[in-house]
Amino acid sequence: MPADARHLTRVCIHLDRLTQNLQLLQELAGDRPLWPAIKANAYGHGLEIIARHLVSLGYDTLCLAHVTEALALVKAGVQARTLLLSATLSEHSEAIIAVGCEPVVCTIDMVAALAQAAERAGKQAEVQVMVDTGMGRIGIQPAEVSGFLARCRAFPNVRVRGLMSHFPCADEADKTLSRTGMEQFRDIIDASRAYGIEVCSMANSAAIFDLPDAGFDAVRPGIAIYGLRPSREIANPRVAELRPVLEWKTRITFLKEVSAGTGLSYGHRFRTQRASLIATLPVGYGDGLDRNLSNDFEVLVHGVRCPQVGCITMDQSLVDVTALRGRVALGDEVVLIGRQGDAEVTADELAGKLGTINYEIVTRIAQRVPRLASNSKPDTQE
C-alpha cells in the first residue's frame, strides 16, 4: 500500500467528475480550445494528478502562475505547453526559456530579458501580451498595445504569439463592465492584426457560462473544471451540472466521554452543556482547516452532521459525536468536504462561514495532505 494511502487525513480527487466538468465546459465553448488553469497546486487539487489527467484527455495547453510550477511538471514528466499568467521579473528569464514556458509580458524590460536568455540558449521565446481592460492588476493599457507590439518586433528571439486579458467582474450579475471590457479587447485585437497575433483569450469560468461572445480564440477555465461555481450570481442554469472533484476526509483517532461543563481545547472556549461523546480528528489549521471555523461548522460521520467543538489546533480538532453514541468507533471516516450518505458539506458552505470564496477553501488545503486520485463512477446520490 502506498504511504499516502495510509495517511489518515487525505483529499480524494474524482477524475471522472473532472472529465465531466471539462465536457460541459467544452460544450459551452464550442470549437474553441480549453486552456485549463492548474495554478496554485491545481486550486488545491494536486498539480501533478490534475495535469496528468488533463494531458491524457488531450489538453495540451495548461495555465500556471509561476515558473516553479512549470518546473514541477517537467520534473514529473508531464509534457504540455505551459502559459504563465502572473507577471514575473527578469531574473526568471533563464528558467522560463530553459523550461519552455510561454509567459505573459507587460514590460519591455521583461521582453528584452527573455530575448537575451533565448539568444544565449539558441531558442526563440514565445510570449503572450497581457492587456488591462479593467482588472487593474497587470497588463498594457489599451492605448499602448500597438506601440508595445511594435517595440517587441525589435527582438528577433521573441515571438508574440497571443494577446490576453482578464475579466474583473464576469462572475457578477451585472455584466455591463464585462461587456465594455470585452468590446475594448475586441477592438484591440482588430487593431493588432498586422502584428501576426495567433491566438487571443479572455474568458474565465464565469465568462464561459454567461458571456459566450467572450470566447475569442481560446478560453481559460479555472474553478469550474474542479466542479465549483465561480459565484452564486452565474445566470446560466447549466452551472448546476458541475460536479465537485474534491472530497476532504479524515478518521477518528480518539473517543472520550466527558461530563457536562467540561472545557475543550485551547482557552476552553467551548464547554459541554451535557454529558458528551467527543471524537478527536487528526486535522487542524496546519492542514488548511481554518482556525476561524472553530465552533462554527459541522462534519459528516455516518452520514450525520456533527458539530466541531473547541478551538481547532494545528494538527487536531474535536467533534461532538454524542448523537452517534453506540454507533461510532475509532477509525470511522469523517468528511470535512464532500458527501456521505444523503448529507453533504460543500466548500461553498465553509466559504460562507468565513466570508470568503470557495477558491480559497480548496486552495489553502496544505501540501502535507496527500491527494489520492479516484476514477470511480459518481454515486447516484450525488
Study note, to complete from the structure: A convex hull over the alpha carbons of segment 246-374 yields, per residue, a volume in Å³ of 104 Å³
Exercise for review: In whole angstrom, note down how far apart the Cα centers of segment 33-49 and segment 56-87 are.
Suggested key: 9 Å
Review point. Can you give the relative contact order of the chain as a percent, counting alpha carbon pairs under 8 Å and 6+ residues apart?
Key: 18 percent
Check your understanding: Which shape class, rounded, prolate or oblate, goes with segment 238-282 when its Cα gyration tensor gives a ≥ b ≥ c as root eigenvalues, a/c under 1.5 marks rounded, and past that a/b bigger than b/c marks prolate?
Key -> prolate
Review point. Using 0.36 nm per residue, how much length does the chain from residue 292 to residue 176 gain when fully extended, once their Cα-Cα distance is taken away?
Key: 38.2 nm
Review point. Measuring from label point to label point, each 7 Å out along Cα→Cβ, what is the residue 333 to residue 16 span in nm?
Key: 1.4 nm
Review point. For the residues 250, 61, what sequence is obtained by ranking on other C-beta atoms within 10 Å, fewest first?
Key: 61, 250
Review point. Label-point separation (nm) for residue 76 and residue 124, each offset 7 Å from Cα along Cα-to-Cβ?
Key: 3.0 nm
Revision key, fill the gap. Gyration tensor (Cα only) of segment 32-226 to equivalent ellipsoid, semi-axes in Å sorted down, yields 24, 23, 13
Point to revise | Whichever aspartates and glutamates have a C-alpha closer than 18 Å to that of residue 175, once near sequence neighbours (fewer than 8 apart) are set aside | key: 132, 183, 210, 213, 233
Exercise for review: Per DSSP H run of n ≥ 4, the term is -39500 (n - 2.57); total these for the chain, divide by its residue number, and report the mean residue ellipticity at 222 nm rounded to 500 deg cm²/dmol.
Suggested key: -8000 deg cm²/dmol
Practice item. Filter the trypsin sites (Lys or Arg not before Pro) in segment 246-313 to those in DSSP coil with at most 12 other Cβ atoms within 10 Å of their Cβ, and list the result. Key: 274
Practice item. Could you list the trypsin sites (Lys or Arg not before Pro) in segment 43-89 that lie in coil according to DSSP, counting only those with at most 11 other Cβ atoms within 10 Å of their Cβ? Key: none
Practice item. Considering Cα pairs under 8 angstrom that are at least six residues apart, work out the relative contact order of segment 246-374 and quote it in whole percent. Key: 27 percent
Review point. Quick one: if the Förster radius is 41 Å, what FRET efficiency do residue 268 and residue 95 give, using the C-beta to C-beta distance and rounding to 0.05?
Key: 0.25
Revision key, fill the gap. Computed about the Cα centre, the charge dipole of segment 70-136 from +1 Lys/Arg and -1 Asp/Glu charges at the Cβ has a magnitude in debye, to the nearest 20, of 260 debye
Exercise for review: Excluding residues on the same chain fewer than 8 positions from residue 75, give the aspartates and glutamates whose Cα lies under 19 Å from its Cα.
Suggested key: 48, 60, 94, 102
Check your understanding: Counting other C-beta atoms within 10 Å, which of 90, 56 has the fewest, and how do the rest follow?
Key -> 56, 90
Check your understanding: What size of dipole, in debye to the nearest 20, comes out for segment 246-374 about its Cα centre when the only charges are +1 on Lys and Arg C-beta atoms and -1 on Asp and Glu C-beta atoms?
Key -> 360 debye
**Study point:** Size of electric dipole in the chain: Cβ of Lys, Arg +1 and of Asp, Glu -1, about Cα centre, debye, nearest 20
**Key:** 880 debye
**Study point:** segment 202-320, relative contact order [Cα under 8 Å, separation at least 6], %
**Key:** 18 percent
Point to revise | Reachable lysines, given that their alpha-carbon falls under 29 Å from the alpha-carbon of residue 256 and they are not under 8 places away in the same chain | key: 353
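Bear in mind that the values in this text are calculations on the coordinates, not laboratory data. Predicted model, so just to flag it, every value in this text is computed and none were measured. Every residue, glycine among them, receives a Cβ derived from its backbone with ideal geometry; neighbour counts consider all protein chains shown.
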